[in-house]
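Here is the structure we will look at.
Taken together, the values in this text are just the output of simple stated rules run on the coordinates, not laboratory data. Small disclaimer: the values here were computed from a predicted structure and weren't measured. A quick note on method: Cβ atoms are made from the backbone with ideal geometry, for glycine too, and the neighbour counts reach across all protein chains shown.
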Amino acid sequence: MANVLKHIPELEGMELGYIQGLMKTMDEEEASLFAQVYRARRKDPQMILILTLLGFFGFAGLHRFILGQLGLGILYLITAGLCFIGTIVDLVNYKSLAYEYNIKVAHETLNMLTCNFSEKGNN
């Protein structure tokens, strides 16, 4: 069982618990590779918070672009964050926005590595 905080020390809360569950069956090599890829692709909730705050200064929707939600990013940009209401809602929910994105990234990373490890085992 791999130590999650050894590999990804910045995790906290629900994300930490979720990633611990994903990594519990990994050996050290698999955990290290997973952590390396996941850390490079995950979004820090504090960065989402800062980008959301920029919505009040004419740059609404940047956080949605970063989270891969291009349609909402464009909508926020055109409508000034849906007249600031959407920006305020996202400001309250920035941690859950980052968490949802990071969980999706964790599964993509796990699937990618599982395919790589199974190909390695077949050779």
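Observations, loosely collected:
- Along the range 4-16 the Karplus relation, 6.51 cos²θ - 1.76 cosθ + 1.60 evaluated at θ = phi - 60°, assigns HN-Hα couplings of 4, 5, 5, 8, 9, x, 7, 6, 7, x, 5, 5, 4 Hz to successive residues, with x for each Gly and Pro.
- Cα extents of the range 48-105 along the three principal axes, largest first (Å): 29, 20, 15
- The aspartates and glutamates whose alpha-carbon is closer than 20 Å to the alpha-carbon of Lys24, local same-chain residues fewer than 8 away aside, are Glu10, Glu12, Glu15, Glu108.
- Among the GluC sites (Glu not before Pro) found in the range 1-90, those both in a DSSP coil and sparsely packed, with 13 or fewer other Cβ atoms within 10 Å of their Cβ, are Glu10, Glu12.
- Helix-derived mean residue ellipticity, 222 nm - over the chain, DSSP H n ≥ 4, -39500 (n - 2.57), to 500: -22500 deg cm²/dmol
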